[in-house]
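Just below is one structure, and these are the notes that go with it.
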Amino acid sequence: MTARYFGLVPAAGSGSRFGADGLKQYSPLAGKPMLYHSIERLLAAPEVEVVFVVLAPADTDFRTHDWSGFGQRLAPLYCGGASRRDSVLNGIVAAASAVDPNDWMLVHDAARPCLGKAELRRLMDEAGRDEVGGILAIPVADTLKRADDEHRILATEPRDGLWRAQTPQMFRHGMLLRALREAEHVTDDASAVEALGYKPKLVEGSAKNLKVTFAADLEIAERLLKAGA
């Protein structure tokens with residue numbers, strides 16, 4: 001049976017570091033909520049049948065926005081958890097009735113609205129040929145310093161072989177379900193898969209696929225979106 005492709009966007013977080021009123025994922029960006037752009041970027045690949053967006057059970061903002069442009073390719077799931085890992089796991093479980101264990105799940109951050117079509121295609125092509133799956137990432141270019149408690153330099157760390165993880169992160173539904181069930185304290189999906197003993201593939205992404213963490217990042221994201229348009 002040919003594997004299908006599905007997206008999953010955890011969007012149940014509060015964005016505590018964002019420093020603005022309201023939930024970060026609904027922040028206005030180029031005339032739409034930021035979450036809209038992140039979903040749209042995943043659906044730019046025609047092979048992605050449905051994007052499941054995982055929302056907090058008490059979310060009241062989602063329904064106030066117009067998502068009709070996505071038609072039947074968007075499925076909200078009100079099962080978000082206390083952490084990103086919990087939200088992804090809950091979403092994977094909730095999607096199980098529509099997804100086969102061998103199907104690919106592309107887990108993408110709600111706060112990465114500038115994912116490029118070329119990077120998404122490269123991930124699907126390269127990770128799709130890999131028995132484990134893989135993630136978008138970029139090699140570390142900056143000099144890395146290790147600091148003490150007083151923010152004084154203890155050492156300069158070698159950056160050879162170091163990459164900055166991005167999303168989407170693409171794994172089989174069955175593998176990801178098992179990995180997240182067994183790993184409670186992970187910050188991304190690849191870490192859970194690594195904990196099973198696998199070595200996910202690193203697929204080179206782009207610095208433009210930035211994660212909006214602080215309010216000032218929205219201005220950068222808006223410029224990138226306008227430049228891409």
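FYI, it's all coordinate maths here, none of it is from the lab. As the structure is a prediction and not an experimental result, all values here were calculated from the model. All Cβ positions, even for glycine, are placed from backbone atoms using ideal geometry, and neighbour counts span all protein chains on display.
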Other-chain or far-sequence residues with amide H under 5 Å of Phe171's (modelled H): Met105, Val107
Could you pull out the GluC sites (Glu not before Pro) across the stretch 93-179 that fall in loop regions by DSSP (anything but H, G, I, E, B) with no more than 14 other Cβ atoms inside 10 Å? Glu131, Glu150
Max mean-square fluctuation residue, GNM over the chain, Cα-Cα springs under 10 Å, options Asp148, Asp125, Asp160: Asp148
Within the stretch 108-130, which residues have the backbone N less than 12 Å from the label spot 7 Å out from Thr2 along Cα→beta-carbon, could you tell me? none
Connecting C-alpha atoms closer than 10 Å in a GNM of the chain, tell me which of Gly161, Gly81, Gly128 has the biggest fluctuation. Gly161
From the Cα trace of the chain, what convex hull volume per residue do you get, rounded to a whole Å³? 146 Å³
Given pairs Lys145/Lys226; Lys117/Lys199; Lys32/Lys199; Lys32/Lys201; Lys24/Lys199 and cut-off 30 Å on Cα-Cα distance, the over-length ones are Lys145/Lys226; Lys32/Lys199; Lys32/Lys201; Lys24/Lys199
Under the 7 Å Cα-to-Cβ spin-label approximation, Asp61 and Asp130 lie apart by a distance in nanometres of 3.2 nm
Express the relative contact order of the chain as a whole percentage, based on alpha carbon pairs under 8 Å and six or more residues apart in sequence. 24 percent
